[in-house]
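The values are calculated or read from the model by the stated rules, or taken from the named source; none is laboratory data. Note that the structure is predicted; figures quoted are calculated from it, not measured. Don't worry about glycine lacking a Cβ; one is built from the backbone with ideal geometry, like all the others, and counts go over all protein chains shown. Please note that ligands, DNA and RNA were not included when accessible areas were found on the heavy atoms of the full protein model with its side chains. Shrake-Rupley method; radii C 1.70, N 1.55, O 1.52, S 1.80 Å.
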Amino acid sequence: MSDVRIATKVRSTFEVQATGWSRGLEVTADGEGIVSHAGLALLRGLTDKTGLTAGLSKALAGTRLLVHNRGRVVADVACAIADGARAISDFRVMGDQRELFGPVASVPTAWRTLEEIADGGTHTAKKITAAVNTARRYAWDQIVTRHGTLPGVRIADKTLEGVTCVRIDATVTDAHSDKEWAEANFKGFGHHPLQAYCDNTGGEPLAWMLRRGSAGSNTAEDHIAITDSAIAALPQQFRRRLMVTVDGAGASHELIAHLDKLASRRGYQLIYSVGWALTEREKTAIRLVPERAWVQAIGPRGQLRERRAEDACDNPRCTHARCWVEQAHVAELTGLLRQGPGGDQLSAWPEKMRVFARRERPHPGAQLTLFETQDGWRYTLWVTNRPETTKGWLGQSQYIDAAHRVHARVEDCIRTGKDTGLGRFPSRDFAINTAWLTTSMTAAILLSWLKLLALDGALAKAEPKTLRYRILHTAARLVRGGRRRRLKIPRTWPWATQIESAWQRITALPQAP
């Protein structure tokens, strides 16, 4: 056979492989019993089992006789947002699956529900918060029952057990129209919500606050309020030993004083880690730090932060000092600021507060101050009340640094939150958008509970986008027989058994009182 004929035959085979999938395929609109977004049944079942639906129904109960229970509507909107709804109109995804979910409220009814919550003001918001917190107590009890304990806080290569970690941060959400209280800010135009998340449960929202776009990054009143709300949201038994972290933008004298006051309560422990500004006072102290006092920092797996030198030897596992360039160091500045040449420069701050500095080689394109440009290092400062007498790994400077740096995980919470309703405000009215924020945060809460109560392995750590593709958006066949309904997931779907197991775990949960 000639080369030309062989090439022609190979090309023809490739063309068939590339386009042959559609040969003989017909598309008709006469299927029966097919359900899309079948995995939403897991979330909807979870809202009922945890008592969230019942709690919201009680919180939103009124004197009027309504066709659709308002608690059910809010729970369903939260499920739809978790499923990927970006607007109220996307709520149809549940209504269009009537054969599985039964009667579901219409889009106009969902709008009216948010308007009613907005009209209810602070009183209604408090009742909704109480309903969510009550369901959280039940959900966390079941999480402890399943796992033996509440998950610990991961710090580098260690895990801090028995401590509940609250991480607080704000974000800017864009608004491309003149929504109420959307204003110009340092990142553009929009709102500036503030949130608090629980690190133990994978970034579960604990408290949130929708703010005008021009709200300050370090507004003490807002940060104190969100801190208190987040702690109040925790089940009682998980408030005894706390860790609270805030980035540098949230630092203020009033907030640190408030955290210090909370830490002084008898029978309670609260360790805070708050970002700190680099001012002339700190620059002077840094210049006085002996080189030997800088301790090499560690990375996310507990490894030293260093890289191979350009002229290193051929052995990548060598221990030659000249072959490795140290990338980051940590040093404590407390002594120099308290007892340095300038006297006690922290006299106005809590006595137990300690100041730390981290220096690292700047990455390409990093914006440096003149001091950092001259010094060749980029500096990050933070303060903590971690006692000097702390024993073990947690008392070491490298892990005190790592404990603060993992605050960056809150950025993942915000990023996935923006993929789950955060910032997708549907109305021009600020109060309605506040109700939407509450519903979207509830959606994120449900996803956290789903992972901890019903999923295993990689799915138990998956982000919303992955959960939607593998679990929530799965198609199935609904079969009736023997007075029962059976939702049949295709056996060829790679995560079919995980969905089946998740449903069994959810239905096996005792019903919340």
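Quick notes
- A full extension of the chain between E388 and A458 corresponds to an added length of 21.4 nm, given 0.36 nm per residue minus the alpha carbon distance.
- Probe 1.4 Å, all protein chains present, accessible-area order of D90, D311, largest first: D311, D90
- Average accessible surface for the chain: 51 Å² per residue, computed with a 1.4 Å probe over protein heavy atoms with every protein chain in place.
- Loop-resident sites, the stretch 116-192, for chymotrypsin sites (Phe, Trp or Tyr not before Pro), counting at most 15 other Cβ within 10 Å (DSSP): F186
- As a fraction of the 1.4 Å probe accessible area of the chain, surface on carbon and sulfur atoms comes out at 51 percent.
- FRET efficiency for S501 and H123, using Cβ-Cβ distance with R0 set to 56 Å, rounded to 0.05: 0.85
- Evaluated at q = 0.06, 0.10, 0.11 Å⁻¹: base-10 log I(q)/I(0), Debye formula over Cα of the chain: -0.37, -0.89, -1.02
- The modelled label-to-label distance for the pair S177/R485, using points 7 Å beyond Cα in the direction of Cβ, is 3.5 nm.
- Residues L304 and E115, FRET efficiency given R0 of 35 Å [Cβ-Cβ distance, rounded to 0.05]: 0.05
- Chain lengthening between E291 and R477 when straightened (0.36 nm per residue, less Cα-Cα): 60.2 nm
- Shape metrics for the stretch 106-233, restricted to C-alpha atoms - Rg then Dmax, Å: 17.5, 50
- FRET E, pair S22, E221, Förster distance 45 Å, beta-carbon r, rounded to 0.05: 0.15
- On full extension, the segment bounded by T373 and D429 gains 15.5 nm, given 0.36 nm per residue less the C-alpha separation.
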